[in-house]
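The values are calculated or read from the model by the stated rules, or taken from the named source; none is laboratory data. Just so you know, these numbers come straight off a predicted model, no measurement behind them. Note: ideal-geometry Cβ built from the backbone for every residue, glycine included; neighbour counts use all protein chains shown. We work out accessible area using only protein heavy atoms, side chains counted, and drop any ligands, DNA or RNA first. Shrake-Rupley method; radii C 1.70, N 1.55, O 1.52, S 1.80 Å.
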Amino acid sequence: MEEGKQESYPGCENFSKLSFTIRLYLIKCIHGLSNVAFSDLLDWLKEAFPFAKLPESFYKAKNMIKDLGIHYENIHACPNDCMLFWNENEKNDNCSVCGTSRWKNVVDGVTNASSKIPAKVLRYFPLKPRLLRIFMCSETAAAMRWHATERPNDGNLRHPADREAWKNFDLFHKDFSRDPRNVRMGLSSDGFNPFRTMSISHITWPVMLMNYNLSPWICMKPEYIMLSMIIPALLWTISDFPALAMLSGWSTKGRLACPACNYGTCSQYLKHSRKMCYLDHRTFLPPDHPFRRDKKSFDGVDVSEELREFNHVFGKGQKKWHRGNEGPWKKKSIFFELPYWAHNRLRHNLDVMHIEKNICDSLLGTLLDMPRKSKDHVNSRYDLEEMGIRKELQPLKDKDNKKVYLAKACFSMKPEEKKLFCTVLKNMKLPKGCGSNISQRVEVEEMKVSGY
């Protein structure tokens, strides 16, 4: 804190010694400077500006930033994702599940002791120092009680505290809810390829935490979103549909892909399109449906009971067990180790943006008959024939069975109609904040929409 008050040089108003060091360290991380290059840069800056207060070396700069509580811990992992070399397994050299070495450069089972390089590393960002830093400031400490002391209680939905899941949590855990300073968080995660190319199989899964003690206009700001791991103050998770399988343990692929319909999922495999389709669903129950009053059957405990004897073995290619190696459960989610998770009314949220974008993409591609985007293709027509529906759209063959004719669907447009459709989209005016500049994504002459 003292270094945060020191000027980087006499009369400097823009940077303190601490903020200047943090900015330098940020440049090092973004542009991939080596530790030696960073130390050389510090030496050059001290030579050019001898009156500036700069750390003596990379080591001193790193220790200064580490004192802020934003450091991370390296935890070695099995190359096949079976286990972590942590706690009682911290000193092991081989995986206790698959026997794979913890280290790189292993020849005939022997590791070069002088260069023990871990094969895979998990980076864990401790949460407690970050929360302590929030409570060190009087302004942010007061903001952590906003949900209890300043939130308007007028029946409107403006914050997660206004929802049933939050109130239900308070009823079950009165000791926790009695102190409004106790931190409640949501977890969001998704996989992405940091190398911007699909030809590399590497995927990184960042785990982000949102602080819901804060007001809605603060909790989603970047400075209050934390990169960490699973923590014991978790309320729920937020993800797209494929990531839901990783977080919940329920497979979102195959015949029982719907986590809401569960074992009652109605599905059918389309052998020509080679994908599953899901039909005959009525997820919105009428107001007088008995399920709405049946709290006992939908309290969430049945899931934890079903997974009580689930014996999951982590690792690539390892044999899984559940109901004779069948069923949609692929693992018992680690979240069930939290003492309140079985009774949590709302465990997982879907990021609607992903779903709406994919549906919109398919609709536009089908309406404009865009290559590789349209869902109305010859295989889908053969699937209609296989299912015995929509006879007017089923493929027609000539007498010699050499040519296949596809009837035009009712939504098919002529070229001039497609151009008119694209022109309307290109000239559309939307309220500020409700849409990006879609005119740059519409190509009228080519009759397609892309890159939105």
- Task: Determine, yes or no, whether L256 is open to solvent by less than 60 Å² (accessible area, probe 1.4 Å), modelled with pLDDT of 80 or more, assigned to a loop (DSSP other than H, G, I, E, B) and not basic (K, R).
- Result: yes
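Test L42 against the criterion of being touching a Pro at 6+ places or on another chain (Cβ under 8 Å) and either at pLDDT 85 or above or open to solvent by 90 Å² or more (accessible area, probe 1.4 Å) (or both), and give yes or no.
Working: touching a Pro at 6+ places or on another chain (Cβ under 8 Å): yes; either at pLDDT 85 or above or open to solvent by 90 Å² or more (accessible area, probe 1.4 Å) (or both): yes.
Criteria met by L42.
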- Query: Restricted to the stretch 287-307, and to residues that are modelled with pLDDT of 75 or more and open to solvent by less than 70 Å² (accessible area, probe 1.4 Å), which residue is farthest from the chain's Cα centre (by Cα)?
  - Reply: H289
- Query: Can F310 be described as open to solvent by 70 Å² or more (accessible area, probe 1.4 Å) and at pLDDT below 80?
  - Reply: no
- For the stretch 439-452, which residues satisfy the criterion of being at negative phi and modelled with pLDDT under 80? Y452
- Query: Do you know which residues across the stretch 230-244 are open to solvent by 20 Å² or more (accessible area, probe 1.4 Å) and either modelled with pLDDT of 85 or more or within 21 Å of Y124 (Cβ to Cβ) (or both)?
  - Reply: I230, P232, A233, I238
- Task: Can you run down the residue pairs with Cβ atoms below 8 Å, 6 or more apart or on separate chains, where the first is in the stretch 395-408 and among the aromatic types (F, W, Y) and the partner is at pLDDT below 85?
- Result: Y405/K397; Y405/D398
- Message: So if I check each of E13, E3, which one is in a helix (DSSP H, G or I), at pLDDT below 80 and more than 24 Å from I225 (Cβ to Cβ)?
- Response: E3
- Heads up, the helices (runs of 4 or more DSSP H) in the stretch 21-140 (entirely inside) with at least 1 residues that are touching a residue at least 40 places away in the same chain (Cβ under 8 Å) are 58-66, 128-136
- Note on the structure: Filtering the stretch 243-276 down to residues that are of a type outside the set (S, T, N, Q), touching a residue at least 24 places away in the same chain (Cβ under 8 Å) and under 18 Å from L350 (Cα atoms) yields A243, L244, A245, M246, L247, G249, W250, L256, A257, P259
- Message: Being open to solvent by 50 Å² or more (accessible area, probe 1.4 Å) and either modelled with pLDDT under 85 or among the polar types (S, T, N, Q) (or both) is the requirement here; does S114 meet it?
- Response: yes
